[in-house]
Amino acid sequence: MDSKHLYIYTIGCQMNTYDSSQIAKFLGSTGYAENNDLDSADMIVVNTCSIRQKAEQKAFSFLGRLSQLKRNKPQLIVAIGGCVAQQEGKKILSRMPFVDLVFGTHAISRLPALVRRIEKNRTRIVDIGQQERISTGDYVHATKKNADAAGVSTFVTIMRGCDNYCTYCVVPFVRGRESSRDPESIVEEIKAGVKKGIREVTLLGQNVNSYGKKEGLCSFSQLLERVNTIAGLKRIRFTTSHPKDLSDELVDAFKNIDKLCNHIHLPVQSGSTQILKRMNRKYSRDDYLEKVAGLRDKCPDIAITSDIIVGFPGETDADFEDTISLIRRVEYDGLFAFMYSDRPNAPAARFDDKIPEAVKSERLQVVLGMQKEVTMKKHLKRVGTVQEVLVEGMSKKNIDANEAASIPAGTQGIQWTGRTADNKIVNFDDCSADGEKFELKNGILAKILIKRAFPHSLWGYPVSIKTLKREGERSYAA
């Protein structure tokens with residue numbers, strides 16, 4: 001019997017990307033094979049995010065476009081999962097009568113049974129039940145579908161939920177309380193991925209720093225040490241790391257664990273101690289800066305990225321200036337900055353002193369403009385250095401006229417792409433400046449001489465002995 005076609009539309013963070021790969025795997029057991037053709041789909045799953053209002057609006061906008069498709073194909077199963085599904089539950093069935101299934105963040109492993117019920121009885125189902133603890137059947141081993149398009153990098157969830165209850169955040173309400181996976185299950189999943197060509201893994205959790213504490217498992221640093229021993233794996237990354245729980249042991253890991261990339265995402269959210277207190281972040285501005293200093297002391301070349309929320313209720317001009325001065329002081333390698341928006345169930349939605357949209361928008365542009373300058377300055381410092389890049393495949397970047405004009409003539413061969421250990425995107429030719437051809441392939445570590453810097457990426461070419469002698473190797477970042 002021919003397999004049925006499954007189309008998955010994913011919105012949101014890396015955890016949602018990982019969840020979508022799990023959805024595909026579980027539904028594969030019921031005869032559904034993932035397909036990128038929306039019109040031929042027998043089942044459509046919209047995996048949603050509710051962390052920000054725009055993401056929720058995007059989900060409902062896409063769902064609305066499926067109404068006509070459902071009328072044309074009555075047997076089509078339309079499902080909505082993820083955080084919006086968990087948040088809204090059965091209200092979605094009333095709002096969108098063509099939706100057959102609403103499933104929450106803990107229901108992915110129950111999908112096969114739910115879909116069989118719909119196929120048999122054509123009934124509409126809502127399943128947003130949550131489990132206190134992760135069970136062994138909640139996750140399946142990594143496959144190529146878990147990986148990026150090149151099959152080189154993959155995400156692996158090590159825990160779900162959150163116990164921090166930041167006042168702006170809905171995660172504890174839509175993903176439940178914190179619960180960690182058994183370390184053996186995590187290691188076995190990564191090993192399975194490595195056998196299929198995975199060379200880099202990103203460990204996911206809302207707060208990886210508290211991994212295993214409630215269950216009495218190994219610490220997060222000890223988990224990293226176990227993952228580090230997996231043969232064939234070349235790089236380890238993780239996200240997200242809550243500053244209040246950043247331990248000395250984890251800081252030391254950047255120095256002692258050789259496969260751990262020298263990059264940490266350490267969300268600060270605000271540079272004002274007053275606003276941090278209102279956010280219930282449980283650290284002060286000085287606490288955060290002390291953590292940053294400790295990281296740079298143990299790993300001087302570490303790249304630090306962060307999240308910033310502008311316009312949180314009660315944020316004064318002085319509070320915002322505290323954020324700006326913190327950004328200047330830390331000099332982040334990259335920032336994700338957002339305007340505050342009220343979210344259902346989050347305590348901050350009930351705060352009175354809201355900031356006007358125009359003020360939030362203006363502050364956001366200031367943050368983004370400042371970070372753009374810092375990022376470009378850091379990128380320019382890489383010019384003339386040799387960087388070790390994990391090759392991820394052919395570059396999809398279309399070099400614009402200005403960039404092309406700045407790239408040496410005769411070196412614009414086949415373009416490849418990859419990332420440095422500190423998460424810089426590098427695009428590069430398949431030949432050196434001397435015309436020496438390099439046999440590049442996905443998953444290898446290549447030494448790339450950086451020749452040009454752009455706002456969002458670097459450009460260079462593979463290193464040859466002749467090139468190094470002529471150009472002079474200023475530094476090498478492994």
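The values are calculated or read from the model by the stated rules, or taken from the named source; none is laboratory data. Computed from a predicted structure; not experimentally measured. As a convention, Cβ positions derive from the backbone with ideal geometry for all residues, glycine included, and neighbour counts pool all protein chains shown.
Quick notes on this one:
- Residue in region 357-380 that is surrounded by the most Cβ atoms within 10 Å (Cβ to Cβ), counting only those that are without any contact (Cβ under 8 Å) to a residue 12 or more places away in the chain and more than 26 Å from the chain's Cα centre (by Cα): E362
- Answer from D400, D430 - the residue that is modelled with pLDDT under 95, charged (D, E, K, R), surrounded by 15 or more Cβ atoms within 10 Å (Cβ to Cβ) and outside the structural domain of I327 (by TED's automatic domain parsing): D430
- Members of region 96-119 found to be touching a residue at least 12 places away in the same chain (Cβ under 8 Å) and either more than 30 Å from the chain's Cα centre (by Cα) or part of a helix (DSSP H, G or I) (or both), listed by number: F98, I108, S109, R110, L111, P112, L114, V115, R116, I118, E119
Every residue, every condition in (1) surrounded by 17 or more Cβ atoms within 10 Å (Cβ to Cβ); (2) under 23 Å from V366 (Cβ atoms); (3) in contact with a helix residue (DSSP H, G or I) (Cβ under 6 Å, 6 or more places away or on another chain), yes or no:
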residue: S270; (1), (2), (3): yes, yes, yes
residue: L276; (1), (2), (3): yes, yes, no
residue: D287; (1), (2), (3): no, no, no
residue: I308; (1), (2), (3): yes, yes, yes
residue: S325; (1), (2), (3): no, yes, no
residue: Y340; (1), (2), (3): yes, yes, no
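- Residue in region 278-300 that is over 25 Å from V374 (Cα atoms), of a type in the set (G, A, S) and either outside the structural domain of K354 (by TED's automatic domain parsing) or in a loop (DSSP other than H, G, I, E, B) (or both) present: no
- Check on F336, over 30 Å from D182 (Cβ atoms), assigned to a loop (DSSP other than H, G, I, E, B) and of a type outside the set (V, I, T): no
- F62 in contact (Cβ under 8 Å) with a residue 12 or more places away in the chain, surrounded by fewer than 18 Cβ atoms within 10 Å (Cβ to Cβ) and in a helix (DSSP H, G or I): yes
- Taking region 253-275 as the range and being under 16 Å from G294 (Cα atoms), aliphatic (A, V, I, L, M) and part of a loop (DSSP other than H, G, I, E, B) as the test, the residues that pass are L266, V268.
- Set I80, I51, I92, I128: member being under 21 Å from I11 (Cβ atoms), in contact with a helix residue (DSSP H, G or I) (Cβ under 8 Å, 6 or more places away or on another chain) and touching a residue at least 60 places away in the same chain (Cβ under 8 Å): I51
- Scan of region 191-208 for residues that are among the aliphatic types (A, V, I, L, M), part of a helix (DSSP H, G or I) and crowded, with 21+ Cβ neighbours inside 10 Å, ordered by number: V208
- Residues satisfying the stated conditions in region 6-16, i.e. surrounded by fewer than 19 Cβ atoms within 10 Å (Cβ to Cβ) and in a helix (DSSP H, G or I): Q14
- Residue among T17, T10 that is hydroxyl-bearing (S, T, Y), modelled with pLDDT of 95 or more and not assigned by TED's automatic domain parsing to the domain that holds T202: T10
- Taking region 219-237 as the range and being outside any helix (DSSP H, G or I) and in contact (Cβ under 8 Å) with a residue 40 or more places away in the chain as the test, the residues that pass are I230, L233, K234, R235, R237.
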